[in-house]
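Since the structure comes first, as structure tokens, the remarks are kept for the end.
The values are calculated or read from the model by the stated rules, or taken from the named source; none is laboratory data. Just so you know, these numbers come straight off a predicted model, no measurement behind them. Here Cβ is always computed from backbone atoms with ideal geometry, including for glycine, and neighbour counts include all displayed protein chains. Heavy atoms of the whole protein, side chains included, go into the accessibility calculation; ligands, DNA and RNA do not. Shrake-Rupley method; radii C 1.70, N 1.55, O 1.52, S 1.80 Å.
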Amino acid sequence: MALTDFESSAECSEVEKLALRYAVAMTATPVDVPDSLFAELRKHFDERQLVELTSALAWENYRARFNHAFGCEAEGFSEGAFCPLPSHAGATH
């Protein structure tokens, strides 16, 4: 699955799509998380989960921007590697 096509992907659950929409909003410059998106997140995640999700997204944005500013390139450690998504077969969300 290409992350750029997550909205139309059958591989992502609606909650996963919601989290990815949040990631997109947090990555925008300037950051723009609409109240309606955050309200939808609150329906699926408790306060602790929202803090964890937000901090993970913020950390990845920090890391990516830091590396970009210093011109850090990939070291090739994951070349040819991938992270398969867990199967949704029989899963209940």
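Here are a few things to note about the model shown:
- Extension gain for Ser8 to Ser36 (0.36 nm times residue separation, less C-alpha to C-alpha distance): 8.0 nm.
- Electrostatic tally near Ser9: other residues with Cβ closer than 14 Å to its Cβ, Lys and Arg +1, Asp and Glu -1, net -3.
- Protein-only accessible surface order, largest first, of Lys17, Lys43 at 1.4 Å: Lys43, Lys17
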